[in-house]
Each structure stands twice: as C-alpha cells, then as structure tokens.
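Shown next, in structure tokens, is the structure this report addresses.
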Amino acid sequence: MLAIQGLKCIYDTGARGWAIELALSGEGEDAVRRFDVDGPDDAEMLIEAFEDSTSSAFDPATGEIVFAYEYADFGVEDDEDEHQDEDGEDEVSEDEISDDEEKGKQ
C-alpha cells in the first residue's frame with residue numbers, strides 16, 4: 001500500500017477526457033498514477049473524499065484506492081442507558097421524587 005499525498009483533477013486534451021492524478025509515496029518510492037474518470041463531478045467527489053479522510057492509500061497490486069475515516073464519540077448515549085444506573089435499574093431524578101411526594105400530599 002502506498003500513501004496518497006495528493007490528488008488533482010486533469011483534463012487530458014489529447015485523450016479529450018477527465019482524469020484524476022494521485023501523488024503517491026511509500027516503500028522508498030514516490031510515484032504518480034493517473035486514472036480516467038467519467039467527468040469533473042467524479043474527480044471532485046474523489047478529491048472531497050481524500051480531503052475528508054483521516055488517511056488514504058493506494059494498493060498497486062489491485063488498483064484499489066482506500067479512504068479511511070475516524071469518527072469521534074462525544075459521549076452520546078442512548079436514552080435507555082441514560083436513565084439506568086450501574087445495576088441496570090432505572091434511576092429517578094430528584095425532581096421526579098419531589099413531584100411524586102407532592103402528588104401524595106394532595
């Protein structure tokens with residue numbers, strides 16, 4: 001696998017078609033590979049995927065381009081997990097307790 005260092009969109013006037021060019025490095029070599037794409041929209045989609053990815057690589061044996069993404073978990077929990085304590089029992093907030101006590105007094 002070779003790390004992708006950059007991508008650029010090219011219009012090949014000789015072939016009269018669009019291409020994407022990959023700048024690759026790894027395993028002691030630097031290389032440039034060109035791949036035909038259907039149009040500028042496809043090239044733009046690949047460039048955006050590269051920019052949004054946390055890492056990207058090209059496998060010269062298969063011709064496969066891999067974009068990897070890392071998503072952060074900001075501690076968002078399911079609603080069910082939020083209301084249960086460590087024993088799996090439902091937790092009751094102080095507001096719920098005081099509301100129940102007032103209803104009992106009436």
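A short reminder: the numbers here are calculations on the coordinates, not readings from a lab. The structure displayed is predicted, hence computed values, not measured ones.
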Task: Whole-Hz couplings from phi, Karplus 6.51/-1.76/1.60, listed for segment 37-52; x for Gly and Pro - done: 10, 5, x, x, 5, 5, 5, 4, 4, 5, 5, 5, 4, 5, 5, 7
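When the chain is fully extended, how far beyond the present Cα-Cα distance does ASP41 get from GLN5, taking 0.36 nm per residue of separation? Before the final figure, lay out each step's value.
Values: separation 36, 0.36 × 36 = 12.96 nm, distance 2.08 nm.
Net length gain for the segment: 10.9 nm.
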